[in-house]
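This report refers to the structure that appears directly beneath it.
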Amino acid sequence: MTTTKNTADKTASKNSEVSTGSTGSTGSTGSTGSTETVLVLGATGKTGRRLVRRLRADGVPVRAASRSGEVRFDWAEPATWADALTGATAAYVIASDEHPDAVGPFVEQAVAAGVGRFVVLSGRGIDLVGPDFGQGMAAAERAVRESGARWSVIRPNNFAQNFDEDLWREPLRDGRLALPIGDVHEPFVDADDVAEVAAALLTQDGHDGQVYELSGPRGLSFREAAEQIARAAGHPITYVELTPEEYEADLRASGWPEAAVKAFSALFALHRTGVTAAPVDGVRRVLGREAASFEAYVERGVGAGAWS
């Protein structure tokens, strides 16, 4: 089975790009004593649903918003924004690449409605990837910087959970992962760490105006990642290296629109340069501990039957 449908997930939720993070204060999550009411956009996604759980466990009021969630929110339908913003004083922003022009007006409306703090989910490399990928992320970063409100940005590497929740789960279960990435290393970051960092930035002081790059503690190639999963899961997985042209043809053959083909081609082109390969210390700077390892993620995944 080819990797196309699973590899080319929605570009707005892939979040695996590059930039230099600035220094921030160290904190920890737990009982926050926060008085914020947090609007979480993308509340059914990888980081959004984890963030909702964590905030609620800490007693923080949450408005969990998505196109199909508790609170309806759609970037393409501005009429849904006012209800989603009701009572919110902070917002976790996951912007859509399909509607980057909506982000500025939304942030303006949010500030007018009483939102005084924003945390943007962006990605490592957002300032280097070019115009074909991450326009929503870039628009969100610009909008919050210009908003007059408190803001911080998180720029993670590829999520480890891309291997078991959507992008590459089915190819791995079918025993074949094919990508145009070569032997470049990637320090995959655990989505649980990303959510914990976001919770800290939304509820604690000391992070205003900061950009945090987030990664796992060690880089490994996609081939090595597939081999590690294969050993732990107990079934063979073959990694196949594609040329960029083969990968694009694979996407088109699986019915992906040209915009998605260009987006994922741009993303992998960025990764092949190696600019996202080095581990960074954003998780430790915010949470005061090391980031979770890929090995720990794989162990959990096998225990949950992710690749069975």
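Just so you know, all these numbers are worked out from the coordinates, no wet-lab data involved. Note that the structure is a prediction, hence the values are computed from the model and not measured. Note that we place each Cβ from the backbone using ideal geometry, even for glycine, and neighbour counts take in every protein chain shown.
Results, tabulated for the structure shown:
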item	result
In sequence order, calculated HN-Hα J values of the range 121-127 (Karplus, 6.51, -1.76, 1.60; Hz; x Gly/Pro)	8, 10, x, 4, x, 4, 8
Dipole magnitude (debye, nearest 20) for the chain, charges at Cβ of Lys, Arg, Asp, Glu	620
Antiparallel content of DSSP bridges confined to the range 4-300, in %, to 5	5
Ranked Glu170, Glu141, Glu77, criterion: other C-beta atoms within 10 Å, fewest first	Glu77, Glu170, Glu141
Alpha-carbon spread of the range 32-85, three principal axes, descending order, Å	34, 23, 13
Label point 7 Å beyond Cα of Glu224 along Cβ direction - residues of the range 260-277 with amide nitrogen under 18 Å	271-277
Computed over the chain, Cα set: Rg, Dmax in Å	18.6, 55
Extension reserve of the Glu146-Ala253 stretch, reckoned as 0.36 nm per residue once the Cα distance is removed	34.4 nm
Length-normalised contact order of the range 190-272 in % [C-alpha pairs under 8 Å, at least 6 apart]	17
Ala178 long-range amide H proximity, modeled H, under 5 Å	Thr3, Val240
J(HN,Hα) series, the range 176-190, from Karplus relation 6.51 cos²θ - 1.76 cosθ + 1.60, nearest Hz, glycine and proline x	8, 10, 10, 8, x, 10, x, 9, 4, 7, 9, x, 3, 10, 6
Per residue convex hull volume, Cα atoms of the range 105-214, in Å³	130
